[in-house]
Amino acid sequence: QVHLVESGGGLVQAGGSLTLSCAASGRTFTIYKMAWFRQAPGKEREFVANIGRSGGGITYADSVQGRFIISSNNALTTVSLQMNSLKPEDTAIYYCATRTFAALGNDYDGWGQGTQVTVSS
């Protein structure tokens, strides 16, 4: 089992920046991908970005392309999400997630507790 802990959430004004971090522990040798998701109250959880081992396979959602940057160490035991040019619609709980070698297809099989990001207008 991989344990994920997010940090770095908070309140920021529109147009500002914020960086989230995720630390993985436990069976980290099983990690294949790390990702960020977000969920606003009453809305469906949505994919934000992911990254593979050694920094490969980076993918961004269209809504954050060009504004957010995901990065990690080679082993994917730490992952960051640098969020720039933040908008009120970016307000959500942000979750760190992992896809291990035991996962089926594109499913994610490990999740952090989430960290709140609030962007004020």
Query raised in the report: Going 7 Å from the Cα of Arg53 in the Cα-to-Cβ direction, what parts of the range 77-119 have a backbone nitrogen less than 18 Å from that spot?
Result: 77-79, 98-110
Report summary line: Packing-ranked peptide list from 50-59, 94-103, 63-72, highest mean Cβ count within 10 angstrom first, is 94-103, 63-72, 50-59
**Report entry** Under-5 Å amide H pairs with Thr91, H placed in peptide plane, nonlocal only
**Finding:** Val119
Query raised in the report: Given the Cα atoms of the chain, and with Rh set as the inverse mean 1/r over their pairs in the Kirkwood sense, what is Rg to Rh to two decimals?
Result: 0.95
Query raised in the report: Could the peptides 25-38, 1-14 be put in order, highest first, of the mean number of other beta-carbon atoms found within 10 Å of their residues?
Result: 25-38, 1-14
Report summary line: Reduced to Cα centres, the span from the range 1-32 to the range 36-92 in Å works out to 10
Query raised in the report: Distance in nm between label sites at Arg67 and Asp107, each 7 Å beyond Cα in the beta-carbon direction?
Result: 3.2
Query raised in the report: Residues with amide H under 5 Å of Thr19's amide H, sequence separation 5 or more or different chain, H placed in the peptide plane at 1.01 Å from N; which?
Result: Met83
Requested in this report: Roll a 1.4 angstrom probe over the protein heavy atoms and tell me the percent of accessible area of the chain that is carbon or sulfur.
Outcome: 50
Query raised in the report: So between Gln1 and Phe29, what do we pick up on full extension, going 0.36 nm a residue minus the alpha carbon distance?
Result: 9.1 nm
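The values are calculated or read from the model by the stated rules, or taken from the named source; none is laboratory data. Since the model is a prediction, treat every value here as computed from it, not as a measurement. In this analysis, Cβ positions are derived from the backbone assuming ideal geometry, glycine residues included, and neighbour counts consider all displayed protein chains. Ligands, DNA and RNA are stripped out before the accessible areas are found, and what is left, the full protein with its side chains, is counted by its heavy atoms. Shrake-Rupley method; radii C 1.70, N 1.55, O 1.52, S 1.80 Å.
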